[in-house]
Amino acid sequence: MDKPQWLCLSRLLVLAPFFLVRSTSASHQREALHPVVLVPGFSCGQIEARLTEAYDSPSPLCALRKGGGRWFRLWKNSTALQDLPNVSCFADQLRLVYDPTAGNYRNVPGVQTRVVSFGSTRGFLSDDPADKEICMGTFVAALERIGYKDGEDLFGAPYDLRHAPAAPGLPNREFSMFCRSLMALVEHASTRNGGRPVILVSHSQGGLLALEFLNRSPLAWRRRLVKHFFMASTGAGGIVVAMKGKGLAARDGGDVLSMRRVKRSFESAFAGLPSPAAFGHETPLVVTRARNYTARDMPGFLAAAGLPAVAVGLYLSRALPVALNLRAPLVPMTCVNGVGVPTVERLVWCCTGTATSTRSPRWRTGTATEW
Ligand SMILES: *[C@@H]1O[C@H](CO)[C@@H](O)[C@H](O)[C@H]1NC(C)=O
Ligand SMILES: *[C@@H]1O[C@H](CO)[C@@H](O)[C@H](O)[C@H]1NC(C)=O
């Protein structure tokens, strides 16, 4: 997500006192804390990978770790990403493909992945101090100052940034696993803290996942175990700037996530797109010389951006129903948004008219599609 979005995070700090149960004695403060579970922003979950012999490496360098059986850090490996040849390996191993037989997104063949440190806030991109800051680092420090301890009453729910909730009923392995893990974590956090209900705090893309998680959990469960849901900056409903990343202006940047081929392959790329339920049917979000696009015109926009029909179909079948089903989670909830934070509300194409490329999908393995 864009930089200005992160600025809102500092506003979370003003919430810290809220988390204390009213307590008469300072010495009992620790016992009186409600457990807190954090769901961080888009790029904060770390992913480890290992390569099996089935990995069809694009170069000898990318094949180096093949078959070794050892897990290495795929995202975010700051060291490896300094080195340009390595970046293309990471790009190849990080991208997803859609498997029409399974009806689901998956890794490219031969790449196995897992999310690191689920349950803890320690794994939120902790290698690089700058990353730590955008991944709730200051907020975690503030909670620790009022007595919270990781693993005791403070927990983290990192996720694989590439995946997203799909319409209920469709194969959606990664998000289903995330929901099961988060449910167990919330129950554990509560049990460990005298049965007190949990405060869920999300940031950015984490809000979209947390909201879907809550809405798909049994109502009695969430009412019993969730005291409050704080959604900080850019949750459900989408953001206009996601159309820029996805579409007409997408071009390769220096880092692996901004590579078209990588970013466009993520199911999560559709999840951030503006929902017609939040942005209405009339406001033009993208203005070009030839035509304007509202949130409802997303399929046309995606096609104009060069995505093949199969990808637009996945937006329609998997992402759009989730976006249209935007609703309150029926637990006490607070949305925290920045004031005076520059936010993209409309994208204007001044000079090019309509679409960029009309690349057709490339079939790589015969069973999976990429674009
Ligand atoms: C990051 O990648 C480098 C080079 O590709 C590798 O040697 C290193 O082990 C990786 N880091 C981690 C933490 O796995
Ligand atoms: C697109 O939207 C802009 C801004 O609202 C408006 O001025 C323009 O006339 C619209 N263009 C078309 C082709 O509808």
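The values are calculated or read from the model by the stated rules, or taken from the named source; none is laboratory data. Please read these numbers as outputs of a predicted model, since none were measured by experiment. Cβ coordinates were reconstructed from backbone atoms using ideal geometry, including for glycine residues, and neighbour counts include every protein chain displayed.
Can you pull out every residue in segment 167-200 that is hydrophobic (A, V, I, L, M, F, W, C) and in contact with a Phe, Trp or Tyr (Cβ under 7 Å, 6 or more places away or on another chain)?
Across segment 167-200, the qualifying residues are Phe178, Cys179, Leu182, Leu185, Ala189, Ile199, Leu200.
Of these, Leu182, Leu211, which one is surrounded by 23 or more Cβ atoms within 10 Å (Cβ to Cβ) and touching a helix residue (DSSP H, G or I) at 6+ places or on another chain (Cβ under 7 Å)?
Among Leu182, Leu211, only Leu182 is surrounded by 23 or more Cβ atoms within 10 Å (Cβ to Cβ) and touching a helix residue (DSSP H, G or I) at 6+ places or on another chain (Cβ under 7 Å).
If you take the residues of segment 66-82 that are surrounded by 13 or more Cβ atoms within 10 Å (Cβ to Cβ) and near ligand 1 (Cβ under 9 Å from one of its atoms), which of them is nearest to Glu174 (Cα to Cα)?
Leu74
Return the residues of segment 176-235 that are in contact with a Pro (Cβ under 7 Å, 6 or more places away or on another chain) and of a type in the set (Phe, Trp, Tyr); say none if nothing qualifies.
Result: Phe229, single match.
Could you list, in sequence order, the residues of segment 263-290 that are in a loop (DSSP other than H, G, I, E, B) and either within 16 Å of ligand 1 (Cβ to nearest atom) or out of contact with any strand residue (DSSP E or B) (no Cβ under 9 Å at 6 or more places or on another chain) (or both)?
Within segment 263-290, Gly272, Leu273, Pro274, Ser275, Gly280, His281, Glu282, Thr283, Arg289, Ala290 qualify.
Hey, could you check segment 38-47 for residues that are within 15 Å of ligand 1 (Cβ to nearest atom) and assigned to a loop (DSSP other than H, G, I, E, B) and say which is nearest to the chain's Cα centre (by Cα)?
Going through the qualifying residues, I end up with Gly45.
Of everything in segment 88-124 that's farther than 29 Å from Ala167 by Cβ and within 10 Å of ligand 1 (Cβ to nearest atom), which residue is surrounded by the fewest Cβ atoms within 10 Å (Cβ to Cβ)?
My answer is Cys89.
Residues are listed down the side, and each one gets a yes or a no for (1) aliphatic (A, V, I, L, M); (2) in contact with a strand residue (DSSP E or B) (Cβ under 9 Å, 6 or more places away or on another chain); (3) in a loop (DSSP other than H, G, I, E, B); (4) surrounded by fewer than 18 Cβ atoms within 10 Å (Cβ to Cβ):
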site	(1), (2), (3), (4)
Ala142	yes, no, no, no
Gly147	no, yes, yes, yes
His163	no, yes, yes, no
Ala166	yes, yes, yes, no
Pro171	no, yes, yes, yes
Ser176	no, no, no, yes
Thr191	no, no, no, yes
Arg196	no, yes, yes, no
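Would you be able to say whether some residue in segment 58-65 is surrounded by fewer than 15 Cβ atoms within 10 Å (Cβ to Cβ), touching a helix residue (DSSP H, G or I) at 6+ places or on another chain (Cβ under 6 Å) and at pLDDT 85 or above?
Within segment 58-65, one or more residues are surrounded by fewer than 15 Cβ atoms within 10 Å (Cβ to Cβ), touching a helix residue (DSSP H, G or I) at 6+ places or on another chain (Cβ under 6 Å) and at pLDDT 85 or above.
Restricting to segment 48-79, and then to whatever is of a type in the set (A, V, I, L, M) and under 22 Å from the mean Cα position of the chain (by Cα), can you tell me which residue is nearest to ligand 2 (Cβ to nearest atom)?
Applying the filter and picking the extreme gives Leu74.
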